[in-house]
């Protein structure tokens, strides 16, 4: 049984979510831009109401009396675009940074000291903003709208990168740090997820989750009954009389719960100490924001609708590299995450019971190499001989294992007497993981691109082949 399944069963029996992490694995900005909203049913480019802002107690609310009317829609989106421009303008200060690669200094470059962060309640809202950014970038009615579309495009480009914190969805943020007793698909409902993590006093998680389902959805699609009974009369009144007060009250009431729940999610994760590699991953977001801002300022920003050939290969390569790096970093930062690797047997925890620092082997060239041995008392480690494990920067190889003992040989990092201080003493408690030093995957192009990145160009028909549409 995997640890994730065990944690879900434990939460089910306790009727309350259990921690899945003891560290915060996402960067939390002190001033995020939080956004919740509804769009017209079936028309993502027609927003009905949007609540947003960087201050919990002072959100802004935009409503569109007639979402299908282009002038009213552009007026509302223009106000949103100007506020977004004001928010991102706070992140223009730069500092000189020495960029380092392969252990040597490369050059000094200017990097923004901070970057904007967008926080939404769920994945559906994040996808809606991606579509809204594509829509705004195609408009030529107002440069402000196009610039806002460019900024939303940058957020969209970072959203799918593992470890990036430029865009946070409250549901994903909570699901990364807690396990509930419900199905993973049910964790996509922000109200239900919070009910499992912090049920009201006197209620268990099941009762609280059922109550949360009765509240208005977090968006971007609104409740059909609310559309019929509340939204439609408010839109008709705004259209006929020009009075939008009823619409604003209805929208504010419907979006209030999603607004508060999104901030609550940030509060819960902020209680955890940050992981050691979070700042490093946030620096990657800061570099990306710096380059994006430079392109926007220079007017050279471009967004391709579809990647092909080499760009597609490089993007897939980056996804694979970031996925491996994120798994490694989270496990090394967080004992509770490392426990998953211990449960599967890919990592081993134990007590050092014996050391042989004078052990040596003979290389293929006949030279004698110092290779210390360690013996660990463990429980149920059954990986075969030759398995590579790491203790920080010290690499070890499994030589043999029994029911309760593992013999390991040091192969790197501490193979000279000057480095023996890196080895644990007898009776020390250690955890050996399959994660060594940070790996660097070169993005050199292979001789042949993988099939997902190959061009799909059809060969032209030969002159002697009949045309299928000609009836010959």
Quiz item: Only one residue in 47, 67, 30 is under 27 Å from residue 174 (Cβ atoms) and in contact with a strand residue (DSSP E or B) (Cβ under 8 Å, 6 or more places away or on another chain). Which one?
Solution: 47
Exercise. Scan region 189-214 for residues that are at pLDDT below 95 and under 18 Å from residue 126 (Cβ atoms) and report the count.
Key: 0
Self-check item: Residues that are surrounded by 13 or more Cβ atoms within 10 Å (Cβ to Cβ) and at pLDDT 90 or above, drawn from region 295-318
Solution: 295, 296
Practice problem: Can you tell me which residue among 230, 264 is in contact with a helix residue (DSSP H, G or I) (Cβ under 7 Å, 6 or more places away or on another chain), assigned by TED's automatic domain parsing to the domain that holds residue 73 and modelled with pLDDT of 95 or more? | Solution: 264
Exercise. Please tell me if residue 280 is crowded, with 17+ Cβ neighbours inside 10 Å and over 21 Å from residue 31 (Cβ atoms).
Key: no
Quiz prompt | Test result for residue 310, within 26 Å of residue 135 (Cβ to Cβ), in a helix (DSSP H, G or I) and in contact with a helix residue (DSSP H, G or I) (Cβ under 9 Å, 6 or more places away or on another chain) | solution = no
Practice problem: Please find, within region 346-355, the residue that is surrounded by the fewest Cβ atoms within 10 Å (Cβ to Cβ) out of those that are more than 26 Å from the chain's Cα centre (by Cα) and over 12 Å from residue 429 (Cα atoms). | Solution: 354
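Here is a yes/no grid of residues against (1) surrounded by 17 or more Cβ atoms within 10 Å (Cβ to Cβ); (2) more than 25 Å from residue 235 (Cβ to Cβ); (3) modelled with pLDDT of 95 or more:
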{"position": "1", "(1), (2), (3)": "no, yes, no"}
{"position": "18", "(1), (2), (3)": "yes, yes, yes"}
{"position": "29", "(1), (2), (3)": "yes, yes, yes"}
{"position": "33", "(1), (2), (3)": "yes, yes, yes"}
{"position": "41", "(1), (2), (3)": "no, no, no"}
{"position": "51", "(1), (2), (3)": "yes, no, yes"}
{"position": "58", "(1), (2), (3)": "no, yes, no"}
{"position": "67", "(1), (2), (3)": "yes, no, no"}
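For residue 331, are the conditions met, namely being buried (at least 19 other Cβ atoms within 10 Å of the Cβ), within 30 Å of residue 448 (Cβ to Cβ) and not assigned by TED's automatic domain parsing to the domain that holds residue 150? Walk me through how you get there before you give the answer.
Numbers: buried (at least 19 other Cβ atoms within 10 Å of the Cβ): yes; within 30 Å of residue 448 (Cβ to Cβ): no; not assigned by TED's automatic domain parsing to the domain that holds residue 150: yes.
No.
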Quiz item: Restricting attention to region 258-277, which residues are touching a strand residue (DSSP E or B) at 6+ places or on another chain (Cβ under 6 Å) and either surrounded by fewer than 16 Cβ atoms within 10 Å (Cβ to Cβ) or not in a helix (DSSP H, G or I) (or both)?
Solution: 272, 274
Self-check item: Candidates 366, 386, 380, filtered to the one that is assigned to a loop (DSSP other than H, G, I, E, B), more than 16 Å from residue 328 (Cα to Cα) and more than 37 Å from the chain's Cα centre (by Cα)
Solution: 366
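Just checking: which of the helices (runs of 4 or more DSSP H) contained wholly in region 155-257 hold 3 or more residues that are within 27 Å of residue 136 (Cβ to Cβ)?
Details: elements: 170-177, 190-197, 205-213, 232-241.
In region 155-257, the matching helices (runs of 4 or more DSSP H) lie at 170-177, 232-241.
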Quiz prompt | Hits in region 1-19 (condition: farther than 13 Å from residue 183 by Cα and touching a helix residue (DSSP H, G or I) at 6+ places or on another chain (Cβ under 6 Å)) | solution = 3, 15, 16, 18
Quiz item: Looking only at strands (runs of 3 or more DSSP E) that fall completely inside region 1-97, which ones have 2 or more residues that are assigned by TED's automatic domain parsing to the domain that holds residue 203 and within 26 Å of residue 113 (Cα to Cα)?
Solution: 33-40, 43-53
Practice problem: Quick one: count up the residues across region 136-154 that are part of a helix (DSSP H, G or I) and either touching a helix residue (DSSP H, G or I) at 6+ places or on another chain (Cβ under 7 Å) or buried (at least 16 other Cβ atoms within 10 Å of the Cβ) (or both). | Solution: 13
Quiz prompt | Candidates 113, 180, filtered to the one that is under 30 Å from residue 6 (Cα atoms) and either in the same structural domain as residue 90 (by TED's automatic domain parsing) or surrounded by fewer than 24 Cβ atoms within 10 Å (Cβ to Cβ) (or both) | solution = 180
Practice problem: Please verify whether region 289-299 includes one or more residues that are in the same structural domain as residue 90 (by TED's automatic domain parsing), in a loop (DSSP other than H, G, I, E, B) and free of Cβ contacts under 8 Å to residues at least 12 places away in the same chain. | Solution: yes
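The values are calculated or read from the model by the stated rules, or taken from the named source; none is laboratory data. Keep in mind that this is a model prediction, so the values were computed, not measured. Positions of Cβ are generated from backbone atoms using ideal geometry, with glycine treated the same way; all protein chains shown enter the neighbour counts.
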